[in-house]
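A.B. asks: Let me begin by handing over the structure; questions about it come next.
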Amino acid sequence: MRLWKLFLACVLCAAFCLPAAQAQGSPGYVSGYAETPVDNATISQLTNIYKAAAAIDGWELELGDRFSFNEVVGERSAEAGYQIAVNGRGARVRGGGVSQVATTLLLAAQDFGWVDIEDYTTYGDKFTGDYVDDGKLAIVTDYKAGHDLAFESLYPGKVTIEAWVSGDSLCVALTGYGGQISGDAEASASTPMPAEKGQADNILLASSLIDGCELTYGEKFSFNNIVGPRTAEAGFVNATNGRGVRVTGGGVAQVASTVYLAAKQLNCLTIDPVRTYGDRFTGGYVSDSADAVVTDYNAGIDFAFTYYGSKTLLISLCEDEGRLWCYLYELDGSGE
């Protein structure tokens with residue numbers, strides 16, 4: 001980043017209370033995240049980006065609440081502090097650059113999954129920016145013309161939107177808190193959270209990566225592909241595993257076991273052969289060691305299943321009152 005941009009970022013971070021660097025949220029909670037580059041943005045574009053990001057940062061939604069980008073950000077006027085800058089199709093307009101915030105928010109909302117997104121307009125072939133690779137992903141927002149990004153929260157709890165600039169990236173995260181799905185779930189299972197902090201941290205981190213995963217007909221769920229390598233670089237810590245050995249990522253297999261307990265209740269799933277701890281199981285989170293699933297990324301030991309239902313299978317994981325819960329849902333079809 002050029003020195004003048006670094007200086008501007010520091011000034012704007014202080015002015016709009018946006019942290020220059022921020023974690024994506026507490027393990028087990030963040031379910032949607034996206035970032036887009038701002039390294040080529042001009043001073044005026046950065047000013048507009050910071051203002052719009054500050055407007056949505058910290059916004060909270062309950063189940064059924066509607067978020068409107070235009071209503072939250074407001075009119076992009078000189079009185080509101082917005083500057084004239086190049087927009088996504090190369091025209092100089094008041095508030096140019098703001099739509100990058102909307103685009104990043106959309107990508108995070110899509111990753112989060114627990115939202116019903118209304119129809120929106122994109123720049124398409126007219127897109128001249130570089131913050132996304134495809135103009136069909138570049139949202140058009142225009143307060144006066146009514147081009148908006150809006151969505152309704154489907155999350156059974158509180159959702160917080162966070163937006164900040166870290167280095168050369170604009171970052172947006174949607175965090176779901178306190179969500180407990182019940183009633184309409186096709187299958188559910190739970191296991192007790194461990195007392196060991198390292199195990200609990202690993203469990204919540206792995207759960208956050210799986211939470212919100214959706215499968216349509218013929219799609220395969222792979223625990224290893226979604227959770228990835230259990231390394232310190234990925235945020236996992238050293239903890240006791242299911243056979244009493246301390247390893248990086250110890251406790252993660254409990255997440256696989258909890259999902260397995262729910263998955264084997266559904267006839268629309270074909271579960272791959274699973275490896276279990278058997279007689280070596282020393283944990284207490286399942287009563288039958290045949291349900292204590294072993295997963296090992298490096299050794300290629302996976303827990304996987306394929307969905308053959310006619311709808312969309314949604315996997316939800318959350319911690320509530322000292323237990324890790326897995327719920328399986330079958331859902332019907334899914335300017336500036």
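The values are calculated or read from the model by the stated rules, or taken from the named source; none is laboratory data. Just so it is clear, the structure is predicted and the values come from calculations on it, not from any experiment. For neighbour counting, all protein chains shown are included, and Cβ atoms are generated from backbone atoms with ideal geometry for every residue, glycine included.
A.B. asks: Looking only at the stretch 298-317, which residues are closer than 19 Å to L205 by Cβ, modelled with pLDDT of 95 or more and either among the aromatic types (F, W, Y) or within 18 Å of the chain's Cα centre (by Cα) (or both)?
C.D. replies: F303 - this is the single residue of the stretch 298-317 that is closer than 19 Å to L205 by Cβ, modelled with pLDDT of 95 or more and either among the aromatic types (F, W, Y) or within 18 Å of the chain's Cα centre (by Cα) (or both).
A.B. asks: Can you tell me which residue among A206, A173, A200, A145 is surrounded by 19 or more Cβ atoms within 10 Å (Cβ to Cβ), assigned by TED's automatic domain parsing to the domain that holds V93 and either out of contact with any Ser or Thr (no Cβ under 6 Å at 6 or more places or on another chain) or part of a helix (DSSP H, G or I) (or both)?
C.D. replies: From the options A206, A173, A200, A145, the qualifying one is A173.
A.B. asks: Out of all the residues in the stretch 232-246, is one or more assigned to a strand (DSSP E or B), touching a helix residue (DSSP H, G or I) at 6+ places or on another chain (Cβ under 6 Å) and either among the aliphatic types (A, V, I, L, M) or crowded, with 20+ Cβ neighbours inside 10 Å (or both)?
C.D. replies: yes
A.B. asks: Say we look at the stretch 297-336 and pick out the residues that are touching a strand residue (DSSP E or B) at 6+ places or on another chain (Cβ under 9 Å) and among the acidic types (D, E); which of these is farthest from R243 (Cα to Cα)?
C.D. replies: Looking at residues that are touching a strand residue (DSSP E or B) at 6+ places or on another chain (Cβ under 9 Å) and among the acidic types (D, E), I get E336.
A.B. asks: Return the residues of the stretch 318-336 that are modelled with pLDDT under 90 and either farther than 28 Å from Q199 by Cα or surrounded by 23 or more Cβ atoms within 10 Å (Cβ to Cβ) (or both); say none if nothing qualifies.
C.D. replies: Selection gives C318, E330, L331, D332, G333, S334, G335, E336.
A.B. asks: Specify the residue that is nearest to the chain's Cα centre (by Cα); the eligible residues are those in the stretch 262-286 that are closer than 16 Å to N241 by Cα and exposed (fewer than 13 other Cβ atoms within 10 Å of the Cβ).
C.D. replies: G284
A.B. asks: Any idea which of D125, D116, D111, D133 is surrounded by fewer than 18 Cβ atoms within 10 Å (Cβ to Cβ) and part of a loop (DSSP other than H, G, I, E, B)?
C.D. replies: Going through D125, D116, D111, D133 in turn, just one is surrounded by fewer than 18 Cβ atoms within 10 Å (Cβ to Cβ) and part of a loop (DSSP other than H, G, I, E, B): D133.
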